[in-house]
Amino acid sequence: MKYNTRNIGIIAHVDAGKTTLTERLLYYTGMIHKIGNVDEGNTTMDKDIQEKNRGITISSAAISTQWKKDQNVFNINIIDTPGHIDFAVEVERSLRVLDSVVAVFCASSGVQPQTENVWFQAEKHGISKICFINKMDRIGADFFAVLNEIKTKLNAVPLALQIPIDAEDQFEGVIDLIKQKALYWIDENGETIIEKEIPENHKAEADEFRLKLMETLAEFDENFFENFMDSETIISEEMIFEAIKRACQSRAVVPVLCGSAFKNKGVQPLLDAIASYLPAPNQLPSIKGKDAKTEETIELERNEEETFSGLVFKVVIDKHMGKLAMLRIYSGSIKSGDTVQNVRTDEHFRISRILQMQSDKTTTIEEGKAGDIVALTGIKDAKTGDSLSGLEKPILLESITIPTPVIRVSIEPKTNADEKSFGLVLSKIQEEDPSLVVERDKQTGETLLSGLGELHLEVTLEKIRLNHGIEINQGKPKVSYKEILTETKKHREKLVKQTGGSGQFADITFEIGPRDDNETGLEFINQIKGGVIPSEYIPSIEKGFREAMEHGTLSGNPLESMKITLLDGSTHSEDSKALDFELAARDGFKGVAKSCKPKLLEPIMQVEIQSIEEYTGVVTADINKRRGMITSIDEKSGRKIFTAEVPLASTFGYISDLRTLTSGRASISMKLSHYALVPDFIANTLVT
Ligand SMILES: Nc1nc2c(ncn2[C@@H]2O[C@H](COP(=O)(O)OP(=O)(O)OP(=O)(O)O)[C@@H](O)[C@H]2O)c(=O)[nH]1
Ligand SMILES: [Mg+2]
């Protein structure tokens, strides 16, 4: 069996150099023939006009390329993801379908809030990682400091496979600790690598780190431990390779490499490491899914003989090809012309074409197999997170978690003539980006667009203008609040209706209030005894409450959490139906929630600001003004790092305000930290 496919994601904080690195990966694998640069707006990955203009990645791009190593050809599917938190859904859906990641770090700014975010997201999905410490040429670059932060901030065990030869503008190459050679990149495009002996002044350090490499492997790999302890055994390169592979794939350690993508140094060894240490799809444990009919758990082998199953992780509407569904195939295979089903909708459809994405073109392929990432045409109704399967067995795979919006604006087309196409465009845009929500405000009749941040909404509206030619009027951005109950109440809800024929009847008594733990969502405790409510109605009651909490009674915003204890009830032998109990739960919630002293919660952001000493006073005073709380002030590479918790509502315009305050000498990044109670004096102005 061949283990030659690698499905990898490139993840990191904004500006760490993911796109620059991906561009180099494509160049050295021969997929592109000219190196593009983000700053010149000519990269293969950031194709979108806004990506070019803003110099950031907005939508993640999937691309297939090949790398040759030791007579083997590896098919590498790469997804370059955006670093900005506003595009978090791109990271989430990519990590859901990838087998491993390359986490990129900036050698001078190290582990930043969004690095932590995406790192722990990858952890949640249980995928293997390799670290690439990029920007070794930048002022303040410090490989060893970042190595240490991987340990302290990410709780990981970094395994340096290389150490750099000097840093900043002296950065020349790397020392390969396995081969014990120094590698130098000498030409402008970084194509020629010269291998030399380790320079004298780096020998001691290289010995120290090689020993550390071996000791770490011995600590985390039993097999290697035996060889390491046995004085008779001479440790071969092969033994080290195999041990790294096992320790990386068991996720005990993370191999670390370094370089400068921009200066074209250090990329080829990263490709070798991807091929050597990261898992092939068919080496991973079997896939767990659910039989959509029987709800039974099914395990699927990750091979072509198995029945077909795949997950749609992205929907793209292409001007020429129409709707494209990006699909990760987990088991079995598909050919164009095959009929498959969308398990969510039961829709059966014929696959018209199977495409592979290659730089700026797509290639039609005959067959898609287990482990592949492809795009399909011909699907009408597919959404992000849908499972596709063969007709013989509908298999539901775990879906994709979509982050909930935190901010919204009211929007309308500038001219009445655009009114009709406006609705269509909004639904198209939502199809491509499930983290956007479009709603109509019941009171004002306005159209509200909600998203993950100011930039997210700005980019979306700009997309509507640029790609669809619709000019938009927009209101001020507003925070999406949540609600929470603060007191527990007991309530009885009785639904009795007699409208000729069969009537409706449901009777429930329940306790409703805040959760005791700090978890989110609904905690539902069923204390019904003696079958006074038949067990088949219980899930309907739970469903009723779950739906009801989507609209709080204080402000109409969803409840963050709620606890329901179902105590008692009764049924009517002829009139009671499952739906009646669902309705009773919903009505019951509406009737009693107001008396449970509901309060408003607002999103609180964890903000990190990097600036210089001189602006300490200005930055801290500004944080206070925004109702923020400073949690720490550190120093790194001569820069001050302020960490604070600031309510989202007072972060609007933060980036440009900070630029003005510090004459552009500060950078800021944020991530959603948690929801907290809105202080009464503000809540009173929000809820009337
Ligand atoms: N000095 C230096 N600059 C680099 C290096 N790699 C990337 N850059 C620069 O860093 C900036 C950001 O690079 P990108 O590749 O767009 O970073 P990214 O991680 O893709 O950013 P987002 O997609 O917005 O999250 C650009 O100005 C690059 O030219 C490097 O190795 N050294
Ligand atoms: Mg990018």
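Take every Cα-Cα pair in the range 507-571 and report what % of them are more than 12 Å apart. Mind showing how you got there, number by number?
Working: 1425 of 2080 pairs.
Of all Cα-Cα pairs in the range 507-571, 69 percent lie more than 12 Å apart.
So for the chain, taking the charge dipole from beta-carbon charges (+1 Lys/Arg, -1 Asp/Glu), which of A506, I533, N42 sits furthest toward the positive end?
It is A506.
Mind checking the full-extension length gain between I178 and Q498? Use 0.36 nm per residue of separation minus the Cα-Cα distance, one decimal, nm. All intermediate terms of the calculation are to be shown ahead of the outcome.
On the way: separation 320, 0.36 × 320 = 115.20 nm, distance 8.08 nm.
Between I178 and Q498, full extension yields 107.1 nm more.
Å³ per residue of the Cα convex hull, for the range 85-234? Present the calculation step by step, with values, prior to reporting the outcome.
Working: hull volume 23.0 nm³, N = 150.
Taking only Cα atoms, the range 85-234 has a hull volume of 153 Å³ per residue.
I'd like the Karplus ³J(HN,Hα) series for the range 207-219: coefficients 6.51, -1.76, 1.60, θ = phi - 60°, whole numbers in Hz, and an x wherever there's a Gly or Pro.
Rounded to whole hertz, the list is 5, 4, 6, 5, 5, 4, 4, 5, 5, 5, 4, 5, 6.
Under a 5 Å amide H to amide H cut-off, with H placed in plane at 1.01 Å, what residues pair with R353 once short-range neighbours are removed?
T377
Taking 0.36 nm per residue of separation and subtracting the Cα-Cα distance, what length does fully extending N53 through T297 add? List each step's numbers first, then the result.
On the way: separation 244, 0.36 × 244 = 87.84 nm, distance 4.74 nm.
Additional length available on full extension: 83.1 nm.
Show log10 I(q)/I(0) for the range 361-401 at q = 0.20, 0.21, 0.33, 0.35 Å⁻¹, two decimals, from a solvent-free Debye sum over equal Cα scatterers.
So the normalised log intensities are -0.87, -0.95, -1.30, -1.27.
Taking 25 °C and 0.890 mPa s as the conditions, I'd like the Stokes-Einstein D for the range 486-597 in µm²/s, using the Kirkwood hydrodynamic radius from alpha carbon pairs. Can you show the working numbers first?
Working: Rh = 14.1 Å.
Estimated diffusion coefficient is 174 µm²/s.
Over the Cα atoms of the range 600-686, what Rg and Dmax result, in angstrom?
Rg, Dmax (Cα atoms, Å): 13.3, 45.
For the peptides 301-314, 260-273, what is the packing order when you average, over each peptide's residues, the other Cβ atoms within 10 Å and list the highest mean first?
Values: 301-314: 20.8, 260-273: 22.5.
My ranking of the peptides, most packed first, is 260-273, 301-314.
Distances over 14 Å make up what percent of all Cα-Cα pairs in the range 80-153?
Values: 1619 of 2701 pairs.
Of all Cα-Cα distances in the range 80-153, 60 percent exceed 14 Å.
Could you give me D for the chain, from Stokes-Einstein at 25 °C and 0.890 mPa s, where the hydrodynamic radius is the Kirkwood radius over C-alpha pairs? Units µm² s⁻¹, please.
Numbers: Rh = 27.9 Å.
Calculated translational D: 88 µm²/s.
Using alpha carbons only, how many angstrom separate the centre of the range 50-128 from the centre of the range 9-25?
For the range 50-128 versus the range 9-25, the Cα centre distance is 7 Å.
What are the ³J(HN,Hα) values, in whole Hz, obtained from phi via the Karplus relation 6.51 cos²θ - 1.76 cosθ + 1.60 with θ = phi - 60°, for each residue of the range 671-679 in sequence order, with x given for Gly and Pro?
9, 5, 9, 6, 9, 9, 4, 6, x
Under a 5 Å amide H to amide H cut-off, with H placed in plane at 1.01 Å, what residues pair with T307 once short-range neighbours are removed?
none
Hey, with R₀ at 51 Å, roughly what FRET efficiency would K428 and A204 work out to, going by the Cβ-Cβ distance, to 0.05? Spell out each step's value before the answer.
Working: r = 61 Å, r/R0 = 1.19.
The computed FRET efficiency comes out at 0.25.
Holding the Cα-Cα limit at 20 Å, pick out from K69/K124; K124/K563; K212/K245 the pairs that are longer than that. Show your work: numbers first, answer last.
Working: K69/K124 31 Å; K124/K563 26 Å; K212/K245 17 Å.
Cα-Cα > 20 Å for K69/K124; K124/K563; rest within.
For the range 407-479, treating each Cα as an identical point scatterer without solvent, what Debye log10 I(q)/I(0) comes out at q = 0.15, 0.22, 0.23, 0.26 1/Å?
Rounded to two decimals, the profile gives -0.43, -0.99, -1.09, -1.43.
Evaluate 2.2 N^0.38 Å with N set to the residue count of the range 5-283, then give the Cα radius of gyration divided by it. Provide the component values of the computation, followed by the final result.
Details: Rg = 17.8 Å, N = 279, 2.2 N^0.38 = 18.7 Å.
Normalised Rg, Cα atoms only: 0.95.
What does the highest-first list of 184-191, 138-145 look like by mean Cβ count within 10 Å? Present the calculation step by step, with values, prior to reporting the outcome.
Working: 184-191: 14.2, 138-145: 18.4.
Top to bottom by mean Cβ count within 10 Å: 138-145, 184-191.
How high is the FRET efficiency from E523 to N223, r the C-beta distance, R0 51 Å, rounded to 0.05? Working shown, then result.
On the way: r = 45 Å, r/R0 = 0.88.
So, using R0 = 51 Å, E works out to roughly 0.70.
So, counting K/R as plus one and D/E as minus one, what does the shell of residues with Cβ under 13 Å around A370 add up to? Working shown, then result.
Working: positive: K2, R302, R328, K369; negative: D99, E301, E304, E305, E306, E367, D372.
Charge balance in the 13 Å sphere: -3.
Show me the ranking of peptides 390-403, 80-93 by mean Cβ neighbours inside 10 Å, starting with the highest.
Details: 390-403: 17.6, 80-93: 24.8.
Put in order of decreasing packing, that is 80-93, 390-403.
Decide, for the range 371-498, between rounded, prolate and oblate: order the square roots of the alpha carbon gyration tensor eigenvalues as a ≥ b ≥ c, take rounded if a/c falls under 1.5, and otherwise choose prolate if a/b is larger than b/c, else oblate.
Details: a/c = 1.79, a/b = 1.03, b/c = 1.73.
It is oblate, given that a/c is not under 1.5 and a/b is not larger than b/c.
Pull up all non-local amide H partners of A160: gap of 5 or more, or a different chain, and H-to-H distance under 5 Å with H placed in the peptide plane.
Correct list: V256.
Could you work out how far the C-alpha centroid of the range 271-292 sits from that of the range 534-595, in angstrom?
Here the answer is 42 Å between Cα centres.
P(r) of the range 539-688 in 10 Å steps, Cα pairs, percent per bin?
With 10 Å bins starting at 0, P(r) equals 10, 29, 20, 16, 13, 8, 3, 1.
What dipole magnitude, in Debye to the nearest 20, does the chain give about its Cα centre under +1 on Lys/Arg Cβ and -1 on Asp/Glu Cβ? Spell out each step's value before the answer.
Details: 82 positive and 106 negative charges, 391 e Å.
Dipole size: approximately 1880 debye.
For the range 287-397, with equal point scatterers placed on the C-alpha atoms only and solvent neglected, what are the log10 I(q)/I(0) values from the Debye formula at q = 0.10 1/Å, to two decimals?
For the requested q values the scattering log ratios are -0.25.
If you place +1 on the Cβ of every Lys and Arg, -1 on the Cβ of every Asp and Glu, and leave all else neutral, what size is the dipole of the range 287-397 about its Cα centre, to the nearest 20 Debye? Spell out each step's value before the answer.
Values: 17 positive and 19 negative charges, 109 e Å.
Around 520 debye, computed over the range 287-397.
Rounded to whole Å, give me the distance from the Cα center of the range 623-676 to that of the range 427-485.
For the range 623-676 versus the range 427-485, the Cα centre distance is 25 Å.
Might you report the magnitude of the Cβ-based charge dipole of the range 407-479 about its Cα centre, with Lys and Arg at +1 and Asp and Glu at -1, to the nearest 20 debye? All intermediate terms of the calculation are to be shown ahead of the outcome.
Numbers: 10 positive and 13 negative charges, 30 e Å.
Computed about the Cα centre, the dipole is about 140 debye.
Among L466, S421, G445, which residue has its Cα furthest toward the positive end of the charge dipole of the range 407-479, with +1 on Lys/Arg Cβ and -1 on Asp/Glu Cβ?
Among L466, S421, G445, the one farthest towards the positive end of the dipole of the range 407-479 is G445.
Please list the equivalent ellipsoid semi-axes of the range 1-109, computed as the square roots of five times the alpha-carbon gyration tensor eigenvalues, in descending order and whole angstrom. Spell out each step's value before the answer.
Numbers: eigenvalues 107, 56, 30 Å².
One finds semi-axes of 23, 17, 12 Å for the range 1-109.
Picking from G591, G337, A16, whose Cα lies most toward the positive end of the charge dipole for the chain (charges on Cβ: Lys, Arg +1; Asp, Glu -1)?
The residue sitting most towards the positive pole is G591.
Along each of the three principal axes of the Cα atoms of the range 152-226, give the extent in whole Å, ordering the values from largest to smallest.
That gives 42, 29, 24 Å along the principal axes, largest extent first.
Since every read-out is calculated from the coordinates, none of them should be taken as a lab result. These numbers come from a predicted model, not from an experiment. FYI the Cβ positions are ideal-geometry reconstructions off the backbone, even for glycines, and counts take in every protein chain you see.
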